[in-house]
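Let me begin by presenting the structure, written as structure tokens, before commenting on it.
The values are calculated or read from the model by the stated rules, or taken from the named source; none is laboratory data. Computed from a prediction, not measured in an experiment: that's the story for all the values here. Positions of Cβ are generated from backbone atoms using ideal geometry, with glycine treated the same way; all protein chains shown enter the neighbour counts.
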Amino acid sequence: MNELLSTPIEFLKGVGPQKAQLLQKELGIFTFGDLLNTYPFRYLDRSIYHKCNQISYTDNYLQLVGTISNVKEIGSGRIKRLSARFTDDTGSVELIWFQGASWIKQSIVVGLSYQIFGKPKLISGVWTIPHPELTPIKDLTVRAGFQPFYSSTEKLNSKGLHSRGIEKLIQTIFAQHQIILPECLPENIKKDNQLISRTEAMRKIHLPQNELEIKQARLRLKFEELFYLQLEMLIRKGVRIKQIQGFRFEQAGTPMLDFYNNHLPFELTGAQKRVLKEIRKDFLTGNHMNRLLQGDVGSGKTLVALVAMLITIGNKHQAALMAPTEILASQHFETIKELLKQMPIKVGLLTGSTKKAARTLLFEELLSGEIQLLIGTHALLEDPVQFKSLGLVVIDEQHRFGVAQRAKMWRKNKIPPHILVMTATPIPRTLAMTFYGDLDVSVIDELPPGRKPIQTIHRFESHRVALFGFMRKEIALGRQIYLVYPLIKESEKLDFNNLMDGYEAISRSFPMPEYQLSIVHGKMKAEDKEYEMQRFIKGETHIMVATTVIEVGVNVPNASVMIIESAERFGLAQLHQLRGRVGRGAEKSYCVLMTGAELSKEAKKRMETMVRTTDGFEIAEVDLQLRGPGDLLGTQQSGVLDLKIADLSKDGQIVVMARNAARMLTEDDPELVKPEHQALRERVLVLLKSRPNWSTIG
Ligand code: ADP
Ligand code: MG
């Protein structure tokens, strides 16, 4: 069988060298096996016929039975077209051909009964089927079951390898060869999950007789794909834990106990306590920790990170906290210094703007171990930053860092430091399971008590006057306001002008000295930004006009109104992040989404979702449905999820099934050494080799 599957596609009847080359180039099909692994993306039930008067906008391909009349050529020369009328007992549609007019005209017999097949389009108010497939009823061989549709390309189309052409090739393979595929799932896993065999699935995915067969085939093939992904992940994790020795932190240690008992500003939430237990357990195993901490904005991740860092320090190692922006790093530094002010712990801050002299001193103190806790930006990654013994690295807003950057922190020590990556952009569970399957995941799913919910409102330009009135009222009550403009690379100049125009308009409506305004955007010098930011933090200004630079982490509890201009241009994750800037104090908070009147379907859905819920995980689910997994994780990382048939935004249930099966298998046989797991082992080894080692990217 292997031989058949690896036979070059050129040798399939109906292919030949020229088409083979195209199939390789366009679809990556080199062999019989590759062709079989090209699955249909859709099916049409060929037993169902439409009537002319039933055609609607939702119709895709359909088939009709009737007669043809009024065949006429329109235009001449190269723009010659052929049109005809097709009629059944309920009405008629137009048929149109843009190519091969003369030839088709000759072959049509007026008055004869035809089956036509195609995709209707409304052209100038008339339902029209361009390039229909015509089969005289008398020639119709009964076509059982469902017709599969394969993706093709323009080049393949022009050589007759449109969906129908590919379907014919697949039919040829099945007609000329006996396709029996070796089973690659253990019998018990197949049984537990009610999966059909691989051989059966291959036939049913291409030549299904009914809906049930399509379902069975899809389940089996999706499961298989996801199962191997999970298995790969768990094996990687096993290898990492086995190969990499980690620090063992035996004790909670004095700093942590002192802080916990004497300086904790408030009772930890249940979720914070649970996550700390999980981290503490990791520290005790002596294995290397690689943990993702997901928690909505404002859920209190910083405090969890701080306690973990204090345990590290209590065990005579240093800890580092890396944040994506300077503002955020300084804010962490201030918060943490304040929390630890009565404790004998030396905290350092390193950012791009740390002056040379301070830097030199800092480096010395890091090497000697005098600085126990270092907070900073990307500057932490630089080579001269060397520690005496770095025991834990916390990475805040991890999605802001590239893979290589995170990996760099691993190498700051001979024994790699424990890694805790934190994100306030929750990833749906099934996606986390797949993408971060080799990490341990902790979730803070509870907000600290006493938070007032944020009310989210969607408004249009016509409400501007009312909006300004509302802003004045809130300012009169002593609150502060964020006003955020989009600024994205593709339209940077225009966006920047909008921001400036907006700032001017606001300055006119909120004149000095009664009102004080701050402005912060990416084009400002770091120290100017810092100055403006500080004025707002200290409560000296009422309104902060800004771009998304304030999206991440900034904490000004007195700011209770977030206004987002052109909100339709932001993604859900970003909107949620921005909204998370308010609702941090004791006052009721508001988020106002300002949009244009005309919204796309997707934009509407985003606004509705924001208005409906403040639950980050729910928002992440909607985001996954709207954008798909690739976009959600960032293009840089989506290659890993190059799936052939499974769809992570729809197949969550199968992900869970596959995850469970893979976990049970690896618990039973962690290194796949049992004879019945030979086939699995071989395939996993190939997978492990074919992908970069992203288990160490933290
Ligand atoms: P995030 O998870 O978004 O990083 P932070 O760590 O910045 O959230 O915490 C948000 C706010 O909640 C901070 O002002 C912090 O002091 C406060 N906070 C954290 N934990 C608790 C708690 N258990 N009880 C009350 N307030 C808390
Ligand atoms: Mg935070």
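Out of everything in the stretch 550-566 that is within 24 Å of ARG464 (Cα to Cα), within 16 Å of ligand 2 (Cβ to nearest atom) and touching a Lys or Arg at 6+ places or on another chain (Cβ under 7 Å), what residue ends up being modelled with the lowest pLDDT?
ILE550
Being in contact with a strand residue (DSSP E or B) (Cβ under 9 Å, 6 or more places away or on another chain), away from ligand 1 (no atom under 16 Å from the Cβ) and basic (Lys, Arg): is that true of LYS301 here?
Spelling it out, it is not the case that LYS301 is in contact with a strand residue (DSSP E or B) (Cβ under 9 Å, 6 or more places away or on another chain), away from ligand 1 (no atom under 16 Å from the Cβ) and basic (Lys, Arg).
Kindly establish whether LEU321 is away from ligand 1 (no atom under 13 Å from the Cβ) and surrounded by 22 or more Cβ atoms within 10 Å (Cβ to Cβ).
No: the conditions fail for LEU321.
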(message) Considering only residues that are hydroxyl-bearing (Ser, Thr, Tyr) and within 16 Å of ligand 2 (Cβ to nearest atom), which ones fall in the stretch 418-472?
(response) THR423, THR425, SER442
(request) Would you mind listing the helices (runs of 4 or more DSSP H) fully within the stretch 253-329 where at least 3 residues are of a type outside the set (A, V, I, L, M), modelled with pLDDT of 95 or more and within 16 Å of ligand 2 (Cβ to nearest atom)? (result) none
(message) Quick check on the stretch 22-36. Is at least one of its residues over 25 Å from LYS222 (Cα atoms) and of a type outside the set (Lys, Arg)?
(response) yes
(request) State whether the residues of the stretch 521-529 include one that is over 21 Å from THR595 (Cα atoms), modelled with pLDDT of 90 or more, more than 16 Å from ligand 2 (Cβ to nearest atom) and not in a helix (DSSP H, G or I). (result) no
(message) Looking only at strands (runs of 3 or more DSSP E) that lie completely in the stretch 82-150, which have at least 2 residues being in contact (Cβ under 8 Å) with a residue 12 or more places away in the chain and in contact with a Cys (Cβ under 7 Å, 6 or more places away or on another chain)?
(response) 91-97
(request) Just name the residue that is surrounded by the fewest Cβ atoms within 10 Å (Cβ to Cβ) out of those in the stretch 152-165 that are in contact with a helix residue (DSSP H, G or I) (Cβ under 8 Å, 6 or more places away or on another chain) and assigned to a helix (DSSP H, G or I). (result) LYS155
(message) So in the stretch 198-214, with the set limited to residues that are of a type in the set (D, E, K, R) and touching a helix residue (DSSP H, G or I) at 6+ places or on another chain (Cβ under 9 Å), which one is surrounded by the fewest Cβ atoms within 10 Å (Cβ to Cβ)?
(response) GLU200
(message) Among the numbered criteria (1) within 16 Å of ligand 1 (Cβ to nearest atom); (2) free of Cβ contacts under 8 Å to residues at least 24 places away in the same chain; (3) of a type outside the set (Asp, Glu), which one does THR360 miss?
(response) (1)
(message) Among the residues that make up the stretch 367-380, is at least one of them surrounded by 22 or more Cβ atoms within 10 Å (Cβ to Cβ), β-branched (Val, Ile, Thr) and outside any loop (DSSP other than H, G, I, E, B)?
(response) yes
(message) Tell me whether the stretch 458-470 contains one or more residues that are over 32 Å from the mean Cα position of the chain (by Cα), free of Cβ contacts under 8 Å to residues at least 40 places away in the same chain and within 25 Å of PHE249 (Cβ to Cβ).
(response) no
(request) Tell me which of these GLY111 doesn't satisfy, since it passes every other one: (1) touching a helix residue (DSSP H, G or I) at 6+ places or on another chain (Cβ under 8 Å); (2) at positive phi. (result) (1)
(request) Six or more apart or on different chains, Cβ under 8 Å: which pairs go from a residue in the stretch 6-18 that's in a loop (DSSP other than H, G, I, E, B) to one that's among the polar types (S, T, N, Q)? Could you list them? (result) SER6/THR31; THR7/THR31; LEU12/THR172; LYS13/THR172; LYS13/GLN176; GLY14/THR172
(message) Need pairs with beta-carbon distance below 6 Å; first residue in the same structural domain as LYS601 (by TED's automatic domain parsing) and within the stretch 562-576, second surrounded by fewer than 20 Cβ atoms within 10 Å (Cβ to Cβ) and assigned to a helix (DSSP H, G or I); sequence gap 6+ or separate chains.
(response) GLU568/ALA603
(request) Scan LEU381, LEU328, LEU367 and give me the residue that is of a type in the set (A, V, I, L, M) and either closer than 18 Å to GLY314 by Cβ or within 16 Å of ligand 1 (Cβ to nearest atom) (or both). (result) LEU328
(message) Just to confirm my filter: which strands (runs of 3 or more DSSP E) fall fully inside the stretch 403-462 and include at least 3 residues that are within 16 Å of ligand 1 (Cβ to nearest atom)?
(response) 418-423, 440-444
(message) Checking the condition within 25 Å of the chain's Cα centre (by Cα) and within 13 Å of ligand 1 (Cβ to nearest atom), which residue from GLN272, GLN230, GLN294 passes?
(response) GLN294
(request) With the condition kept exactly as written, say whether any residue in the stretch 588-608 is crowded, with 22+ Cβ neighbours inside 10 Å, closer than 14 Å to ILE457 by Cα, at pLDDT 90 or above and within 16 Å of ligand 2 (Cβ to nearest atom). (result) no
(request) Determine the pairs where a residue that is closer than 25 Å to GLY580 by Cβ and touching a residue at least 40 places away in the same chain (Cβ under 8 Å), located within the stretch 483-505, has a partner that is in a helix (DSSP H, G or I) and of a type in the set (Lys, Arg) with Cβ atoms under 8 Å apart, the partner being 6 or more residues away or on another chain. (result) PRO486/ARG569; ILE488/ARG569
